[in-house]
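A short reminder: the numbers here are calculations on the coordinates, not readings from a lab. What you are looking at is a predicted structure, and each value in this text was computed from that prediction instead of being measured. For neighbour counting, all protein chains shown are included, and Cβ atoms are generated from backbone atoms with ideal geometry for every residue, glycine included.
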Amino acid sequence: MLRLLIVDDEPIILSGIRDMVEQANTAFTKIVTAGDGVEALEKMDYFMPDLIITDIQMPEMHGLDFISLARERGVNRFIVLSGYDMFEYARRAIQLQVVEYMLKPVDEKELIELLKRIAIEVLERQEKIQREKARPPGARSAIEEAPYSEHVQMLQKYIASNYRRDISLTDAAAYLGLHPVYIGKLYKKRDRNVLRNSHQSAAHRKSEGAALRRAEAFPGQNRGYDRF
């Protein structure tokens, strides 16, 4: 669903981080790796990532210089990895608006939680852009009138059509082609008010309540999607 570029000159660390992300079942399902900044920029000619994880000390090009060039190409989310706890590196990373500065060895739990937060931010941003593109000329912005997104509407239709079944976030995610974590966030954040005001049968309301309870119990109790 989302695209991740990992840049590090140490093959073991490069493959280790890639495996870590893949095994955690994150929303970053398209992953490309590069051994240095020059190779990464070449790969960005055909692969534009939503997030870049990069080392700092690399041959050919310093990691922070690579970030500056990547930002010029439109990438604005970075996680910096470094084996050095140096103030100057951290200061420059802050100036470049890096999302996180992490010291090696990488803490797997910390990294996965960070990827979860970034993924939700990226998906929400993409949804907002889609709403703005679909907005008729002269209409108020999505922020002003807060219309329900296409994803929420599709989720409502799916629930309405399958209320007799014991549906789950995983079922809805598969139907919409989205990640269960994002579906759960959509449901809890927006669908709650919509469904409370819907004029539907008691049986339908009961099934929606069950689905909402599953969403609120997520991520810890939903078919293994407790790690995003």
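Compute, for the range 2-118, the length of the dipole vector about the Cα centre, with Cβ point charges of +1 (Lys, Arg) and -1 (Asp, Glu) only. Units Debye, rounded to 20. Write out the running numbers ahead of the final one.
Details: 13 positive and 21 negative charges, 108 e Å.
Using Cβ point charges on Lys, Arg, Asp and Glu, the range 2-118 gives about 520 debye.
Remark: C-alpha extents of the range 58-129 on the principal axes read 36, 31, 20 Å, sorted largest to smallest.
Starting with the fewest neighbours, write out 19, 8, 36 ranked by other beta-carbon atoms found within 10 Å of each beta-carbon.
Working: 19 11, 8 26, 36 19.
Listed from fewest to most nearby Cβ atoms, that is 19, 36, 8.
Amide H to amide H distances under 5 Å link residue 51 with 3, 5, where only residues 5 or more positions off or on other chains count and H is placed in the peptide plane.
Which shape class, rounded, prolate or oblate, goes with the range 2-118 when its Cα gyration tensor gives a ≥ b ≥ c as root eigenvalues, a/c under 1.5 marks rounded, and past that a/b bigger than b/c marks prolate? Please report the intermediate quantities before stating the final value.
Values: a/c = 1.32, a/b = 1.10, b/c = 1.20.
Taking the square roots of the gyration eigenvalues as a ≥ b ≥ c, the range 2-118 is rounded.
The range 50-103 and the range 105-129 have Cα centres lying 17 Å from one another.
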